[in-house]
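Trainee: Structure provided below as structure tokens; questions to follow.
The values are calculated or read from the model by the stated rules, or taken from the named source; none is laboratory data. This structure is a prediction, so every number in the text was calculated from the model and none was measured. Counting neighbours? That spans all protein chains shown, and the Cβs are built from the backbone with ideal geometry, glycine included.
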Amino acid sequence: MEYQSSGMLTREQLLHLFDRFSFLTSQPDVKKRIADAVNDKQEAVAVTTAIQEEIFQEMGVDPRFGLACLGKVNLAYENDLDLLIQFYVFVAKEETACEEAELGPENFAERMEMQQKLQEQQLEMLKYLRNFHLDDQSAILEKVSQQMETANFDSEASVLSVEQIQDIVRRREEDLKKKKEANLILGKRKFSHHESAELPLSVGNLKTKNWAAHIWEWKKAFHTVNLNLSCYSTSG
């Protein structure tokens, strides 16, 4: 059998890989396979990678080529938000499978409980963000990104309180008001010197991304991809 070894994996191939990997890593015998490897002082990720290679072979794809394609998904499908979210779900499930084998049943259950609480907080934050204009959402998510980077991408840093969010919006409104006043002063000076009557529009010049792009970047930063975003409109 000749395996595919060129081009790029299609959307359908990637989704098949994600679904198949999710199914296999949920099976007791596969969980035991990963746990046994850890007990034998092997890396859990080596086993999950081997499982992915086996899936590629089932699909008629050269395993090394398939793994290489996974490293190109972000660029090849940068405009396909739904696929990218599924990709990060896939990445998170691999991490979860490894953690379960490394931590053991009891410690893993405790970690999952903490993660569930964190995801509930993140969901409430997302719901609250929908009350604000896209430009405010942009500023808030930028703050989240900065906070996570400072915390070395600790998941707990991915949540802002209502007070923090309101403070960000308030500060942004104050900054925009100051810029508007400065533009008005500059515009009056231009009129007095018989220059162009066109005023610089600081707000219009702000480059903001839409809601969907921000959700993607935010989730990519801290891999909280089990959060179901399908219930939210991505049109802003």
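Trainee: Please determine whether any residue of the stretch 45-62 is small (G, A, S), touching a residue at least 40 places away in the same chain (Cβ under 8 Å), in the same structural domain as L15 (by TED's automatic domain parsing) and in a helix (DSSP H, G or I).
Mentor: No - not one qualifying residue is present in the stretch 45-62.
Trainee: Restricting the search to the stretch 1-50, which residues are surrounded by 11 or more Cβ atoms within 10 Å (Cβ to Cβ) and of a type in the set (K, R)?
Mentor: R11, R20, K31, K32, R33
Trainee: From K207, K188, K180, K127, which residue is at pLDDT 85 or above, exposed (fewer than 15 other Cβ atoms within 10 Å of the Cβ) and either basic (K, R) or part of a helix (DSSP H, G or I) (or both)?
Mentor: On the way: K207 fails: at pLDDT 85 or above; K188 fails: at pLDDT 85 or above; K180 fails: at pLDDT 85 or above.
Just a single option satisfies the conditions, and that option is K127.
Trainee: Taking the residues in the stretch 25-44 that are without any contact (Cβ under 8 Å) to a residue 24 or more places away in the chain and not in a helix (DSSP H, G or I) as candidates, determine which candidate is farthest from the chain's Cα centre (by Cα).
Mentor: D40
Trainee: Look through A97, A92, A139, A151 and report the one residue that is over 15 Å from the mean Cα position of the chain (by Cα) and within 18 Å of A44 (Cα to Cα).
Mentor: A97
Trainee: Quick check on the stretch 16-24. Is at least one of its residues within 16 Å of Y88 (Cα to Cα), at pLDDT 95 or above, among the aliphatic types (A, V, I, L, M) and part of a helix (DSSP H, G or I)?
Mentor: yes
Trainee: Kindly provide the set of residues from the stretch 30-53 that are on the phi < 0 side of the Ramachandran plot and out of contact with any helix residue (DSSP H, G or I) (no Cβ under 8 Å at 6 or more places or on another chain), ordered by number.
Mentor: If the condition is that a residue be on the phi < 0 side of the Ramachandran plot and out of contact with any helix residue (DSSP H, G or I) (no Cβ under 8 Å at 6 or more places or on another chain), then K32, D36, N39, D40, Q42, A50 are the ones that fit.
Trainee: Here is a list of conditions, (1) of a type in the set (G, A, S); (2) surrounded by 13 or more Cβ atoms within 10 Å (Cβ to Cβ); (3) over 27 Å from A37 (Cβ atoms), and A92 meets all of them except one; can you say which number that is?
Mentor: (3)
Trainee: For A97, state whether it is without any contact (Cβ under 8 Å) to a residue 40 or more places away in the chain and part of a helix (DSSP H, G or I).
Mentor: No, not satisfied.
Trainee: Select from the stretch 138-167 the residues that are in contact with a Lys or Arg (Cβ under 8 Å, 6 or more places away or on another chain) and not in a loop (DSSP other than H, G, I, E, B) and write down the one among them that is nearest to R111 (Cα to Cα).
Mentor: Q164
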